[in-house]
Each structure stands twice: as C-alpha cells, then as structure tokens.
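Novice: The structure is given below, and queries will be raised subsequently.
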Amino acid sequence: MNNGIENFSMDYFSLKGKVAIITGANQGLGLGYAVAFAKAGADLLIPHMTDNVAEVKELVEKEGRRVVFLQGDVTKDEYRKNIVETCLKEYGKIDILVNNAGIGRFADFENYPDEYYQSVLEVNLNAVYYLSHEVAKVMKQQNSGKIINIGSALSYTADKKCPPYVVAKHGVIGLTRTFCNELGEYNIQTNAISPGFLVTEVNAAISNDKTFYDKINNRIPAGRWGNPQDLMGTVVFLASKASDYVNGWSISVDGGFTTTL
Ligand SMILES: NC(=O)c1ccc[n+]([C@@H]2O[C@H](COP(=O)([O-])OP(=O)(O)OC[C@H]3O[C@@H](n4cnc5c(N)ncnc54)[C@H](O)[C@@H]3O)[C@@H](O)[C@H]2O)c1
C-alpha cells in the first residue's frame, strides 16, 4: 500500500496554465514573485498604484507569459471588485492571489500621526481581508484556489516607530488562519510568507546604515540579509499543487532571524 506516492512528480511545482493576481508586483519583492510565477508557467494580472510597469512587463513577457495591468488603490472597494471582474474577463478564472501591496510609515510613538495609523491598517490589513473575501467567492465556485498573504518578521516581533505595521502584520497571520478555516473545505489553501530583512530599494535607508545593518546581521543565522530572489521558491511552492495540504500557516523566509534571541 503506497497511498499514491508514486503519483508525485516535479510537475506538482509547476504553475502551467494557472492565473495569478499579485498586488503591487510592479516593483520590489512583488516583482520577484511575478517573475517566479512567469517562469513557473502562470499568466498574471497585476493591480498596481504607480506607473512603473515597464520592467515587470518585459521580464514576464520574456518568459512567454501574459500580463494584464490594472491601476488603482487596493483600499477602494470599487477597485477591488474591478480587479476580480477584470481577471475573469481577461482569463476566465483566478487560481492564485498574492496580497503583496504594502506600506510602512515610521514616526515617533508619542506623536504618531493618526493618518499614518489608519492608512497602514487600510493597506496592509483591511485591503488584504476585503480583496481575499472578494476573490474567495470566485475560488469557491471553482472549488480551488491559493491565497498567499505577505507578513513580515514583524508578524512575530515588534519594533519602535511603526505601531500599525506591527499590528497589521500580526493581523495578516490571523487573517491567514481565518481564511484557512473558512475556505479549507472548498479546496482553497491560504498561507503566508513572512520575509525577514531584505536588501531592497524601500529598505535602502536602513540597509545602508552600517550600525543597524550589522545589528540585524548578527542576529541572522544565515549570516546575511536576504534579497528578493530568496523568496521566489517559497512563493511558487505555496501557489502550487505541491503545497495542497499546507493550510493556514506562514513560512518565515528570514535566514532564521525570528528564531533567535
Ligand atoms: N522589503 C522588505 O524587506 C520586506 C520585509 C517584510 C515584508 N515586506 C512586505 O512585502 C510587501 C512588498 O514590499 P516591498 O518591500 O516590495 O515594497 P515596495 O514599496 O517596493 O512595494 C509595495 C507595492 O505595493 C504598492 N502599493 C502600496 N500601497 C498601495 C495601494 N493602496 N494600492 C495599490 N498598491 C499599493 C506599491 O505601489 C508597490 O508597488 C509589503 O507587504 C511589505 O510589507 C517587505
């Protein structure tokens, strides 16, 4: 009795024929997810806010995959509905959603602006809930789907000067478990990736600060900060059939950072 183990193949990791929505994937870490999915065989819809889509378009199309862009603000209900409608119109289905769009606003705690607090929760937490909720209606009909939320090392730890970021990223783990419970019976898996400290454009100020860079580096068992490429294998795994029995969890891709004192 081998319980089907002979059926397993490396095709389980392929995204051939799949359609993925990745929010904010025109730059930064999302750009890496987009290229990873394209290399694995998926076509894409990228909801984006800023105009810089040329690079991701070129990289995805170089892999022979299709990408559709839709500009707007994920905190707006009408835009979120438009994302779902556009994906169905262009591709007829939604196999994968990656809630990647995010912002950080840093300020002293005592005078932390209300506007910062509200806006970070709106993008990093509430938009994740509402877009996933909308996409889940389609995935339920399909009886299949993968939702991947983007957490952070700050899903498990805290830092100064960024209260709503910490709250939102902790909340993303709660959303991931909630959606797992609500949608598991429809063959929809909801998981998260929690990246650690990565050398990216948005992190330039902190990664160029040698004292801070070294402080963090000394806590990373891998002995180095990460880069966008480090996340690409994990996102493909969580989007693929290979992870069909993984549900409600977050994979920390942080070189071991959050395991240390
Ligand atoms: N860079 C890191 O080290 C790091 C570490 C842990 C987690 N993260 C998370 O990874 C995700 C991507 O971060 P990044 O570093 O690539 O940042 P980034 O700023 O390069 O990318 C964020 C993307 O989200 C988009 N976006 C922001 N607000 C939006 C809105 N209201 N509507 C639509 N799109 C919006 C931006 O335009 C951009 O395309 C975020 O959720 C972030 O919190 C990043």
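Novice: Listed residues I148, I94; which is under 30 Å from R219 (Cα atoms) and surrounded by 17 or more Cβ atoms within 10 Å (Cβ to Cβ)? It would help to see each step written out before you state the result.
Specialist: Working: I94 fails: under 30 Å from R219 (Cα atoms).
None of the other options fit; the residue is I148.
Novice: While we're here: So which residues in the stretch 65-96 are farther than 16 Å from S132 by Cβ, outside any loop (DSSP other than H, G, I, E, B) and within 12 Å of the ligand (Cβ to nearest atom), if there are any at all?
Specialist: Those that are farther than 16 Å from S132 by Cβ, outside any loop (DSSP other than H, G, I, E, B) and within 12 Å of the ligand (Cβ to nearest atom): F69, L70, Q71.
Novice: Out of the stretch 228-246, which residues are surrounded by fewer than 19 Cβ atoms within 10 Å (Cβ to Cβ) and either more than 15 Å from the chain's Cα centre (by Cα) or basic (K, R) (or both)?
Specialist: K241, A242, D244, Y245, V246, listed by residue number.
Novice: Quick one: which residue in A38, A34, A25, A20 is among the aliphatic types (A, V, I, L, M), part of a loop (DSSP other than H, G, I, E, B) and surrounded by 16 or more Cβ atoms within 10 Å (Cβ to Cβ)? Break it down stepwise before answering.
Specialist: On the way: A38 fails: part of a loop (DSSP other than H, G, I, E, B); A34 fails: part of a loop (DSSP other than H, G, I, E, B); A20 fails: part of a loop (DSSP other than H, G, I, E, B).
After applying the criteria, what remains is A25.
Novice: Filter the stretch 13-34 for residues that are more than 27 Å from Y245 (Cβ to Cβ) and touching a helix residue (DSSP H, G or I) at 6+ places or on another chain (Cβ under 7 Å); which is farthest from the ligand (Cβ to nearest atom)?
Specialist: For the stretch 13-34, the residue satisfying everything is L31.
Novice: Working only within the stretch 42-64, note down all residues that are away from the ligand (no atom under 13 Å from the Cβ) and not in a strand (DSSP E or B).
Specialist: A42, A54, K57, E58, L59, V60, E61, K62, E63, G64
Novice: Then there is this: For the stretch 147-261, which helices (runs of 4 or more DSSP H) that fit wholly inside it have 1 or more residues that are more than 30 Å from D114 (Cα to Cα) and among the aliphatic types (A, V, I, L, M)?
Specialist: Because the criterion is at least 1 residues that are more than 30 Å from D114 (Cα to Cα) and among the aliphatic types (A, V, I, L, M), the helices (runs of 4 or more DSSP H) in the stretch 147-261 that meet it are 163-183, 232-239.
Novice: I need the full set of residues from the stretch 111-146 which are within 14 Å of the ligand (Cβ to nearest atom) and among the hydrophobic types (A, V, I, L, M, F, W, C), in order please.
Specialist: Matches in the stretch 111-146: V120, L121, V123, L125, A127, V128, L131.
Novice: Okay, moving on. With the checklist (1) at pLDDT 95 or above; (2) within 14 Å of the ligand (Cβ to nearest atom); (3) in contact with a Lys or Arg (Cβ under 7 Å, 6 or more places away or on another chain); (4) assigned to a loop (DSSP other than H, G, I, E, B) in hand, flag the one item D108 doesn't pass.
Specialist: It is condition (2) that D108 fails.
Novice: Restricting the first residue to the stretch 189-204 and requiring it to be touching a residue at least 40 places away in the same chain (Cβ under 8 Å) and on the phi < 0 side of the Ramachandran plot, which pairs with a second residue that is assigned to a strand (DSSP E or B) and near the ligand (Cβ under 6 Å from one of its atoms) meet a Cβ separation below 7 Å and a spacing of at least six or different chains?
Specialist: That search, which allows pairs on different chains as well, returns A192/I150; I193/I150.
Novice: Separate question: Take the conditions at pLDDT below 95 and either of a type in the set (K, R) or surrounded by fewer than 16 Cβ atoms within 10 Å (Cβ to Cβ) (or both) and apply them to K215. Does it pass?
Specialist: Yes; evaluated as a whole, the condition is true for this residue.
Novice: Can you find a residue that is assigned to a loop (DSSP other than H, G, I, E, B), modelled with pLDDT of 95 or more and either among the aromatic types (F, W, Y) or within 20 Å of the chain's Cα centre (by Cα) (or both) anywhere in the stretch 114-128?
Specialist: no
Novice: Ok, one more. Working only within the stretch 73-88, note down all residues that are among the acidic types (D, E) and either touching a residue at least 24 places away in the same chain (Cβ under 8 Å) or surrounded by 14 or more Cβ atoms within 10 Å (Cβ to Cβ) (or both).
Specialist: Matches in the stretch 73-88: D73, D77.
The values are calculated or read from the model by the stated rules, or taken from the named source; none is laboratory data. Worth saying up front: this structure is predicted, and the values here are computed from it rather than measured. Neighbour counts run over all protein chains shown; Cβ positions are idealised from the backbone, glycine included.
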